[in-house]
């Protein structure tokens with residue numbers, strides 16, 4: 001029996017989800033700057049609700065980015081600490097894909113154009129199609145000015161818009177969409193969904209190889225000398 005734990009702290013949202021005995025237990029809260037205080041208690045809460053200890057967990061999935069620098073470091077630190085202690089593998093999941101998966105779950109979308117506000121007048125961008133219940137990347141993920149956001153060359157049909165980038169730069173993203181949810185943030189339940197497919201395909205990695213994906217080379221402004 002596979003028991004998967006998923007967590008995410010990459011954006012304003014902080015969430016945890018646990019799959020055990022076919023049931024999903026989760027916690028979700030939009031709590032900017034409080035992730036470090038809440039993530040471990042949330043993990044304890046879902047484990048307690050499922051009636052299991054940490055040692056029952058088979059693998060840990062996490063939102064590996066793109067997202068906020070501090071939030072991603074928190075996620076990687078927690079995941080590595082737990083995975084090393086439990087001697088279990090990890091499953092890094094794209095936060096853009098997680099938002100797309102949530103749009104499919106909550107809005108019935110089949111194709112999703114995701115934009116996260118990346119600050120610095122840019123967006124984190126990715127386009128996904130739902131295939132056999134799991135979103136698949138069309139093209140590549142990127143960080144770019146809103147005006148340069150575009151669908152993959154092979155894209156067809158209607159697209160749903162999701163993510164905070166659509167709110168911050170609504171008039172500058174010119175990709176045609178039929179509907180949108182510009183408040184949508186990643187949820188660990190959707191990371192869990194994507195992680196199940198990764199686990200079945202043998203895509204788990206060791207804890208020491210868990211790294212955040214920023215997409216942007218320069219993740220912080222250097223101090224002036």
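The values are calculated or read from the model by the stated rules, or taken from the named source; none is laboratory data. Only a predicted model underlies this, so the values are computations on that prediction, with no experimental measurement involved. As a convention, Cβ positions derive from the backbone with ideal geometry for all residues, glycine included, and neighbour counts pool all protein chains shown.
Data overview
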item: Unmet requirement for residue 18, which otherwise passes all of (1) surrounded by fewer than 24 Cβ atoms within 10 Å (Cβ to Cβ); (2) assigned by TED's automatic domain parsing to the domain that holds residue 199; (3) farther than 15 Å from residue 212 by Cβ; (4) touching a strand residue (DSSP E or B) at 6+ places or on another chain (Cβ under 9 Å); result: (1)
item: Positions within the stretch 111-135 being assigned to a loop (DSSP other than H, G, I, E, B) and either at pLDDT 95 or above or not assigned by TED's automatic domain parsing to the domain that holds residue 158 (or both), in sequence order; result: 118, 121, 122, 132, 133
item: Filtered residues of the stretch 151-178 (kept if under 21 Å from the mean Cα position of the chain (by Cα) and at pLDDT 95 or above); result: 151, 159, 160, 161, 162, 163, 164, 165, 166, 167, 168, 169
item: Residue among 50, 29, 10, 59 that is in contact with a strand residue (DSSP E or B) (Cβ under 7 Å, 6 or more places away or on another chain) and under 18 Å from residue 206 (Cα atoms); result: 59
item: Options 78, 46: the member that is surrounded by fewer than 21 Cβ atoms within 10 Å (Cβ to Cβ), in contact (Cβ under 8 Å) with a residue 12 or more places away in the chain and on the phi < 0 side of the Ramachandran plot; result: 78
item: Selection from the stretch 136-150 of residues that are without any contact (Cβ under 8 Å) to a residue 12 or more places away in the chain and assigned to a loop (DSSP other than H, G, I, E, B); result: none
item: Residue in the stretch 182-197 that is surrounded by fewer than 21 Cβ atoms within 10 Å (Cβ to Cβ), touching a helix residue (DSSP H, G or I) at 6+ places or on another chain (Cβ under 6 Å) and either outside the structural domain of residue 90 (by TED's automatic domain parsing) or not in a helix (DSSP H, G or I) (or both) present; result: yes
item: Any hit, the stretch 162-169, residues being in contact with a helix residue (DSSP H, G or I) (Cβ under 9 Å, 6 or more places away or on another chain), in a strand (DSSP E or B), within 18 Å of residue 96 (Cβ to Cβ) and free of Cβ contacts under 8 Å to residues at least 24 places away in the same chain; result: no
item: Of all residues making up the stretch 198-219, the number that are in a helix (DSSP H, G or I) and in contact with a helix residue (DSSP H, G or I) (Cβ under 7 Å, 6 or more places away or on another chain); result: 1
item: Single match in 25, 62, 84 (criterion: over 14 Å from the mean Cα position of the chain (by Cα) and crowded, with 18+ Cβ neighbours inside 10 Å); result: 25
item: Filter pass, residue 86 being assigned by TED's automatic domain parsing to the domain that holds residue 27 and in contact with a strand residue (DSSP E or B) (Cβ under 9 Å, 6 or more places away or on another chain); result: yes
item: Which numbered condition residue 153 misses (of (1) free of Cβ contacts under 8 Å to residues at least 60 places away in the same chain; (2) surrounded by 11 or more Cβ atoms within 10 Å (Cβ to Cβ)); result: (2)
